[in-house]
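Shown next, in structure tokens, is the structure this report addresses.
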Amino acid sequence: MELNFITTNDAKVKWLKSEFNFLKFDIEIKSPFVKIIEPQADDFNEVSISKAKQAYDAIKKPVIVEDGGFCIPSLDGFPGVYTKYINQTIGNKGLLKLIDDKNDRNAYFTTVASFVDGDLIKTFERRIEGTITLKESDELSKFAWSNLWKIFIPNGYNKTLSEMSEQEIHEYQNSSKNKQSSLSLFAKWYVNEHKQSIKY
């Protein structure tokens with residue numbers, strides 16, 4: 001069994017593989033290159049679904065696409081859908097400067113995983129809330145798909161996401177006090193759907 005994860009981010013692929021391994025589900029994750037036009041939209045769901053539909057139309061096989069952004073309430077939700085651009089320009093140091101004079105250092109990641117297989121469209125949305133550090137961490141987890149992990153501490157923890165081990169991240173994502181990541185939600189749904197389809 002194989003699944004096409006449309007992304008150029010190797011860390012995201014590793015994370016999805018890790019999710020399926022965690023569920024003890026044997027699947028091959030492929031990441032074919034697909035040229036996608038970036039949607040001009042301010043809604044994460046709209047962006048994610050548009051990319052997944054484009055990818056499916058290109059390869060005519062079931063695809064999963066994950067998109068999202070980093071939102072800072074004290075900056076009116078900036079950078080939001082412009083997170084990738086901000087990462088490539090001012091980066092973490094620039095963001096830290098922007099909130100240097102802010103008392104409110106709350107922030108959150110919003111991610112949306114969209115699965116498309118013909119007429120079937122499923123979306124899985126997740127918000128991870130936390131705070132922004134005063135300075136950037138020196139560590140970057142192999143599962144980190146964004147440098148923003150180096151300045152983000154999830155609620156209930158005293159270390160950044162980038163400083164967490166693989167086991168700590170899985171425990172965080174699957175603990176009762178937290179919802180699961182969008183990719184975790186997708187993986188569980190996918191496994192459940194395929195287990196139900198098996199004829200005994």
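Pairs only if they're at least six apart or on different chains, beta carbon under 6 angstrom, first in region 110-127 and aliphatic (A, V, I, L, M), second in a loop (DSSP other than H, G, I, E, B); list them, first residue then second.
none
Residue by residue through region 1-25, note down the ones that are of a type in the set (S, T, N, Q) and outside any loop (DSSP other than H, G, I, E, B).
Asn4, Ser18, Asn21 - these are the residues of region 1-25 that are of a type in the set (S, T, N, Q) and outside any loop (DSSP other than H, G, I, E, B).
Restricting to region 29-54, what's the tally of residues that are hydrophobic (A, V, I, L, M, F, W, C), assigned to a helix (DSSP H, G or I) and either closer than 28 Å to Leu140 by Cβ or at pLDDT below 90 (or both)?
Step one: of region 29-54, the residues hydrophobic (A, V, I, L, M, F, W, C) are 29, 33-34, 36-37, 41, 44, 47, 49, 52.
Of the ones still in play, those that are also assigned to a helix (DSSP H, G or I) are 44, 47, 49, 52.
Add one more test, that the residue is either closer than 28 Å to Leu140 by Cβ or at pLDDT below 90 (or both), and what stays is 44, 47, 52.
Summing the residues that are hydrophobic (A, V, I, L, M, F, W, C), assigned to a helix (DSSP H, G or I) and either closer than 28 Å to Leu140 by Cβ or at pLDDT below 90 (or both) in region 29-54 gives 3.
Give just the number: which of (1) crowded, with 20+ Cβ neighbours inside 10 Å; (2) of a type in the set (Ser, Thr, Tyr); (3) outside any loop (DSSP other than H, G, I, E, B); (4) modelled with pLDDT under 95 does Tyr172 not satisfy?
Every condition holds for Tyr172 apart from (1).
Scan region 10-28 for residues that are surrounded by fewer than 18 Cβ atoms within 10 Å (Cβ to Cβ), among the acidic types (Asp, Glu) and within 22 Å of Leu140 (Cα to Cα) and jot them down.
The answer is Asp10, and nothing else.
Kindly indicate the residue of region 1-17 that is in contact (Cβ under 8 Å) with a residue 60 or more places away in the chain and of a type in the set (A, V, I, L, M) and also nearest to Pro32 (Cα to Cα) among those meeting that condition.
Going through the qualifying residues, I end up with Leu3.
Within region 58-101, work out how many residues are surrounded by fewer than 20 Cβ atoms within 10 Å (Cβ to Cβ) and part of a helix (DSSP H, G or I).
Result for region 58-101: 16.
When region 109-129 is examined, which residues are found to be surrounded by fewer than 19 Cβ atoms within 10 Å (Cβ to Cβ), not in a loop (DSSP other than H, G, I, E, B) and not aliphatic (A, V, I, L, M)?
Across region 109-129, the qualifying residues are Asp117, Lys122, Thr123, Glu125, Arg127, Glu129.
Could you look through region 1-45, keep only residues that are polar (S, T, N, Q) and under 25 Å from His194 (Cα atoms), and pick out the one that is farthest from the chain's Cα centre (by Cα)?
Asn21
Filter region 18-41 down to the residues that are of a type in the set (Asp, Glu) and out of contact with any strand residue (DSSP E or B) (no Cβ under 7 Å at 6 or more places or on another chain) and list them by number. Write out each step before concluding.
In the first step, residues of region 18-41 are kept if they are of a type in the set (Asp, Glu); the result is 19, 26, 28, 38.
Glu19, Asp26, Glu38 - these are the residues of region 18-41 that are of a type in the set (Asp, Glu) and out of contact with any strand residue (DSSP E or B) (no Cβ under 7 Å at 6 or more places or on another chain).
Among the residues of region 46-57, what is the count of those that are surrounded by 21 or more Cβ atoms within 10 Å (Cβ to Cβ) and either among the hydrophobic types (A, V, I, L, M, F, W, C) or over 17 Å from the mean Cα position of the chain (by Cα) (or both)?
5
Can you tell me which residue in region 18-37 is farthest from Met1 (Cα to Cα), limited to those that are free of Cβ contacts under 8 Å to residues at least 24 places away in the same chain and touching a helix residue (DSSP H, G or I) at 6+ places or on another chain (Cβ under 8 Å)?
Within region 18-37, the match that is farthest from Met1 (Cα to Cα) is Ile37.
Can you work out which of the residues in region 29-45 that are closer than 19 Å to Ser181 by Cα and not β-branched (Val, Ile, Thr) is surrounded by the fewest Cβ atoms within 10 Å (Cβ to Cβ)?
The selected residue is Asp43.
The values are calculated or read from the model by the stated rules, or taken from the named source; none is laboratory data. Model, not experiment: these values are computed from the prediction. With ideal geometry, Cβ positions are generated from the backbone for all residues, glycine too; neighbour counts draw on all protein chains shown.
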